[in-house]
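The values are calculated or read from the model by the stated rules, or taken from the named source; none is laboratory data. What you see is a predicted model; the values in this text were computed from it and never measured. So basically every Cβ, Gly included, is an ideal-geometry build from the backbone, and we count neighbours across all protein chains shown.
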Amino acid sequence: MNNAVSLTARLLGAGLRALLVLTLVTGVAYPLLVTGIAQTAFRSKADGSQITADGRVVGSSLIGQSYLLPLEKGQRTPDADLRWFQGRPANGLGANTVNTLYRLLVSGATNLAADNPVLIRQVEAARAAVVRDNSVPGHPLRPDQVPADAVTSSGSGLDPDISPAYARLQVDRVAARNGLPAARVARLVERHTEGRTLGFMGEPRVNVLELNIALRALTASH
């Protein structure tokens, strides 16, 4: 009996020591090591790829933002603030129905099939809005000029980038709304157009938040 109790005590002690060592190694030392490497070698990415303007954080280069006008009385859906470049539609976003204290949004796709009537109506309405909003005197826009990313949401609903074609499509409207020469706004778009990653992965893109920060600086100096 005494041998059995002694053996059990030794096994229990060995298990507790192993638990303590593994907790310190995997729960303390390893996270500190990985965090230290990330903060040293990839600090910006480790901190969430934050973008600052006027000395304060205004967003992340990885998450798209909306540029909307405040809701008017009786209005349920806000209008786009047409002074700014607009991102992709965010039809996949949903409201958090569990934790409503912070009004959190849930990232996601619509999961609608290409022939789904709801998706077709969304695309047609978005295309009509893009044509209407971006047609300015002397520069009418045709429906066939609207690129796909202007009327469809991304898989996450939070895509921060748009295609160069969609950015260029908005140049005349942004220039007119801000009283700027269209050529200067076009050059702004070109400077913020990124090529394919490593020259072959993905597609050329324009980060909307970074572009709008540059636009704000341009309007302030104009």
Evaluate the following for ASN91: is it under 20 Å from the mean Cα position of the chain (by Cα), more than 25 Å from GLN170 (Cβ to Cβ) and either part of a loop (DSSP other than H, G, I, E, B) or not charged (D, E, K, R) (or both)? no
Show the residue pairs that are 6+ apart or on different chains and have beta-carbon atoms under 6 Å apart, the first residue being within segment 138-160 and within 16 Å of VAL208 (Cα to Cα) and not assigned by TED's automatic domain parsing to the domain that holds TYR67, the second being hydroxyl-bearing (Ser, Thr, Tyr) and outside any loop (DSSP other than H, G, I, E, B). none
Selection status of LEU62, of a type outside the set (Val, Ile, Thr) and at pLDDT 90 or above: no
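Here are VAL206, VAL189, VAL171: which of them is surrounded by 16 or more Cβ atoms within 10 Å (Cβ to Cβ) and touching a His at 6+ places or on another chain (Cβ under 6 Å)?
VAL206
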Would you mind finding the one in LEU71, LEU33 that is without any contact (Cβ under 8 Å) to a residue 12 or more places away in the chain, of a type in the set (A, V, I, L, M) and outside the structural domain of GLU194 (by TED's automatic domain parsing)? LEU33
Report, by residue number, each residue of segment 43-62 that is without any contact (Cβ under 8 Å) to a residue 60 or more places away in the chain and out of contact with any helix residue (DSSP H, G or I) (no Cβ under 7 Å at 6 or more places or on another chain). ARG43, SER44, LYS45, ASP47, GLY48, SER49, GLN50, THR52, ASP54, GLY55, ARG56, VAL57
Against the definition (in contact with a Lys or Arg (Cβ under 8 Å, 6 or more places away or on another chain) and not assigned by TED's automatic domain parsing to the domain that holds ALA176), how does ALA53 come out, yes or no? no
